[in-house]
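What follows is a single structure, written as structure tokens, with notes after it.
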């Protein structure tokens, strides 16, 4: 099983003077002068191009596959979890404040709701921790949130214990808890949300693997071009019009281009849809829910401040103007009209609450703010947003699954096709080289 | 070096302005008026202002008008037209003005004093709107008119008299210390270097800073927050008026109130100096309460646990 190349006497035989001193470029130039030399050069070039194309095919497929998987399994879920942490904490704070406003023992419905909120936040926090790499902004935020939530829950528990015994200091514990929630935990959750959003954006870029794709395309074109030129040269210098192995190699490379191209185009199309119909509206809906919860929280805090709640009311107005801006998060096409109507109805109720409080009827204001109807109206808003958010999440998952299809196969098959093409090239050219022996 | 010297000079100047303009209270005035600096009042420079008799208020003129018939053009007539008296107070000073956890209502000795005023204006003590204000907003709220009257364990002193009018004294308190029940401290003198909490804007916080034993003053938004800090071991003690401390000790069996009263804190109701007729009216209401037994009944209702009602503080007039 010896090849012609190996059988030949080594050109770089140890000889202190003469050709051994020539550099590789000069040696390649020397080779051009003879026909077998030219064939050797063509063989080397084709093999190099073929192997490189195979390598890059594998790397491109791997990068696209890994990027898509990372986007679907890590970045996007992290964004959803950051929102779940935020809305859980914000709603827990609002619920605790409402229970406080109600006076007496906390109504069981509010206690249950608070506990569900806290469970939602901690569950999301646990799975977010799994998705954040060590070090870095998101890991810091998750660590700060984990310890902060424990402290928050302890403060609220003390407040409830004090309240059960009729100790007024309970309300001070509650305000300490609320302060911790709003000044430390919520900003951390929002920071995590921001980091996750940037990671999603970055995830799309790396999933598209645009540079790999470009390099792969260039190499494919070059390989096909080189194969064509080699065959034209061979048909001119030999008596055979077609070199069958080289023709087969060209076919294989074209097949690779076709297969990889269709897979990668399919991936990009689905990525685009996942972005436009999944990630973007989901982020917008998440923001809408965050803003809506901020409104409701501000309302309760303004009442809890008992006449000194102008800062909370100002924050309400700023959240409301962001939410209801002409192209704000509440105007998205994926949100049912009922949510927008319910939000309008809630704003009307809020205006009534403020009018009562400012007019001196504090008890009436509290009663209206925590009335079942008001709660129901507001829950319609967040509930509808939640439903729409889940639909967008499902859409995203579906599109990402389609985007990742076949990429794993391409990692193996791409280089394999290139290797077979290289083997065919070797076979095809060795037959010609043999003729010069 | 020159810039640093200039900076120091500017700081000193600011502190001086703070002392002169702010009238020694830690409570900021509305923008446009002199801006006080909290540190200026707690520093050793702020000696007790004895330029006046802080207990002396404006003398009432004539008999009280009948409820619902306030003299035209007076602040009382304006309050009557509005339909409610706006009271500035706190919601976590047990016994004086705190939120009842069972009913959610703010109640106490201070609130009852304001209810007397409402009863005198409207014939109905319930025509009152409670506005919870920070300790550091008591002077400014009375001055800028956001409340009609402040009843919030507020010490009448000469510094504050420069910005507000006080009623005659309705309660005499004095500052003591609350420590954990296993503490060996007997008074503020044993708390050198320890963290001692009081509400920002209270004279209590200023007094901690002035104590000879040099405790470390820690300011919190309210006395409720001080109790939270004490129970969480963030501070070693709380120092403020004896009655407020008694209310806290009642909520925490592991705390005790120690020491003699090391200051005198006469409580007055604060109002805007722009309407002296209102202050005279309030003083007339308080006078009536002193003589007809209402004051003693209110004392018994809120502070009866500390013993029988003493004689009400004597009214003094300028």
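Among B:154, B:76, which comes first, second and so on when ranked by fewest other beta-carbon atoms within 10 Å? Intermediate values should be presented prior to the final figure.
Working: B:154 28, B:76 23.
Least to most surrounded, the residues fall as B:76, B:154.
Between residue A:325 and residue A:248, what length in nm is gained on full extension when 0.36 nm per residue of separation is reduced by their alpha carbon distance?
21.5 nm
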Neighbour counts of other C-beta atoms within 10 Å: give me B:262, B:102, B:230 arranged from fewest to most. B:102, B:262, B:230
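Kindly identify segment B:179-263 as rounded, prolate or oblate by the Cα gyration tensor criterion: order the square roots of the eigenvalues as a ≥ b ≥ c, call it rounded if a/c is under 1.5, otherwise compare a/b with b/c, prolate if a/b is larger, else oblate. Present the calculation step by step, with values, prior to reporting the outcome.
Working: a/c = 1.33, a/b = 1.11, b/c = 1.20.
Rounded, because the longest to shortest axis ratio a/c is under 1.5.
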Calculated FRET value between residue B:56 and residue A:115, using beta carbons and R₀ = 45 Å, to 0.05: 0.20
Relative contact order (%) - criterion: Cα under 8 Å, at least six apart; region: chain A: 26
Report the FRET efficiency, 1/(1 + (r/R0)^6), for residue A:48 and residue A:405, where r is their Cβ-Cβ distance and R0 is 35 Å, rounded to 0.05. 0.65
Please average, across the residues of B:128-137, the number of beta carbons from any other chain that are within 10 Å of each residue's own beta carbon, and give a whole number. 3
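Based on the mean of other beta carbon atoms within 10 Å per residue, what is the order of B:196-206, A:237-247, A:347-357, most packed first? Present the calculation step by step, with values, prior to reporting the outcome.
Working: B:196-206: 26.5, A:237-247: 13.8, A:347-357: 17.4.
With the highest mean Cβ count within 10 Å placed first, the list reads B:196-206, A:347-357, A:237-247.
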Run through the DSSP bridge list for segment B:179-263 and note the antiparallel percent, rounded to the nearest 5. 30
By count of other Cβ within 10 Å, fewest leading, how are B:150, B:258 ordered? B:258, B:150
Using alpha-carbon positions, the gyration tensor of segment B:164-318 gives root eigenvalues a ≥ b ≥ c; with a/c under 1.5 called rounded, otherwise prolate if a/b exceeds b/c, else oblate, the class is prolate
Per-residue [θ]222 nm for chain A (sum of -39500 (n - 2.57) over DSSP H runs n ≥ 4, rounded to 500): -28000 deg cm²/dmol
For the pair residue A:165 and residue A:276, what calculated FRET efficiency results from E = 1/(1 + (r/R0)^6), where r is the Cβ-Cβ distance and R0 = 41 Å, to the nearest 0.05? 0.15
On a full-extension model of 0.36 nm per residue, what is the gain between residue A:387 and residue A:337, subtracting their alpha-carbon distance, rounded to one decimal in nm? 16.7 nm
Separation in nanometres of the label points that stand 7 Å from Cα toward Cβ, at residue A:373 and residue A:310: 3.1
Chain lengthening between residue B:180 and residue B:78 when straightened (0.36 nm per residue, less Cα-Cα): 31.9 nm
Over all residues in B:93-106, what is the mean tally of Cβ atoms on other chains that come within 10 Å of each residue's Cβ? 4
One computes Rg over Rh for the protein assembly as shown from alpha-carbon atoms, with the Kirkwood Rh, and obtains 1.25
Degrees separating the helix A:280-304 axis from the principal Cα axis of chain A, which is the longest one: 20
Put one equal scatterer on each alpha carbon of segment B:116-204, apply the Debye formula with no solvent term, and list log10 I(q)/I(0) at q = 0.22 1/Å to two decimals. -1.18
Global size of chain A as Cα Rg and Dmax, reported in angstrom: 33.9, 110
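Coordinate-derived values only; no laboratory data. This is a predicted model, so every value here is computed, not measured. Reconstructed Cβ throughout: ideal geometry from the backbone, glycine too, with neighbour counts over all protein chains shown.
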